[in-house]
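Notes to accompany the following structure.
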Ligand code: ADP
């Protein structure tokens, strides 16, 4: 049997879940727009001035706002501005409606509206613009939903992976300590290897979780004054055995003795610790002979900006180096370059995000086969900001 042709009415029936807020101070215009849009099956809400419109939008965000520009009190540009500056609202397309002689399309679009239609309007043109903006709204909503699901998936996944990894780490450590009975030396070695791999995996999962917290804007930081030099010393001493195991010389040069700076900076100590661990850890990982040298000095990243002091930690190694074409990319996530060493390619990405949230900067200078120098600049008096 032949299927009936899809008519305009069947198209409009799809539109019924979309609510359009029509804002106009003229009852005649409201009535005209109501007749056109109701005919198409849209749900409608109305407001006769800007303030009422904003309140309605706040209470129940519509799928689209059809907004008259010239209204007494708050005009359409101001309403648009207020909608766009409210971070709690989802994306709502705004279609501005104006008379021919009235002011600028440019101003409306620059203020944040998505489209413009002139009065008196052609009915088909109005409907086509409404449909186009609703398509835009639906695709943005769908994209945001995918992002939300992705975040949800990653945070569940990382959480579910962490639990067994932590449990395995505890059990393996007990096993190695012979808590459950004697362990042959060859089995000891094997267990040590499994513990290392397990811990690498755990660290990777933790880093992934942190990266997603930043991506989702859910990272909160606790800013306080802490001793930056002491932190570097702590991390340095913690990692020194790894360098010495590889036969590398490991040198830490501090700065406070030479200045009147007390060695403290403003920031989130745990997050900065993560950055320094990543930078020194990488220096050790990618260096097979020679040295690792860590220097701290007071130095601004930009010689023109001397208004507020910065501290600079310089981590230099004589390792593999990084090809010039890879030097920018290593701060993007999952970028690892061409090597066979363990890692996730997430550490520098996360470090970069943490440092940016502290109004700081990481710079790299490197030459293949000669080594790399990472410079970590942090303001001594960073403002508290979100990530
Ligand atoms: P990972 O070390 O886990 O791979 P990172 O994000 O910390 O991830 O580093 C990204 C990449 O940058 C590394 O895979 C490596 O190619 C390069 N890299 C970082 N630090 C160094 C270094 N000190 N020497 C040589 N290459 C480095």
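The values are calculated or read from the model by the stated rules, or taken from the named source; none is laboratory data. Remember, it's a predicted structure, so these values are computed and weren't measured experimentally. Cβ sites come from the backbone with ideal geometry, for glycine too, and all protein chains shown count toward neighbours.
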All conditions in (1) in contact (Cβ under 8 Å) with a residue 60 or more places away in the chain; (2) crowded, with 18+ Cβ neighbours inside 10 Å; (3) within 16 Å of the ligand (Cβ to nearest atom); (4) not in a loop (DSSP other than H, G, I, E, B) are true of residue 200 except (2)
Could you please let me know if residue 302 is within 28 Å of the chain's Cα centre (by Cα), more than 16 Å from the ligand (Cβ to nearest atom), under 15 Å from residue 377 (Cβ atoms) and not in a helix (DSSP H, G or I)? yes
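Look through 132, 167, 192, 187 and report the one residue that is part of a helix (DSSP H, G or I), modelled with pLDDT of 85 or more, over 30 Å from residue 22 (Cβ atoms) and within 32 Å of the chain's Cα centre (by Cα).
Just one listed residue meets the conditions, 167.
Looking at this structure, is residue 32 surrounded by 15 or more Cβ atoms within 10 Å (Cβ to Cβ), part of a helix (DSSP H, G or I) and without any contact (Cβ under 8 Å) to a residue 12 or more places away in the chain?
yes
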Residues in region 269-296 that are more than 13 Å from the ligand (Cβ to nearest atom) and either under 10 Å from residue 319 (Cβ atoms) or not in a helix (DSSP H, G or I) (or both) total 3
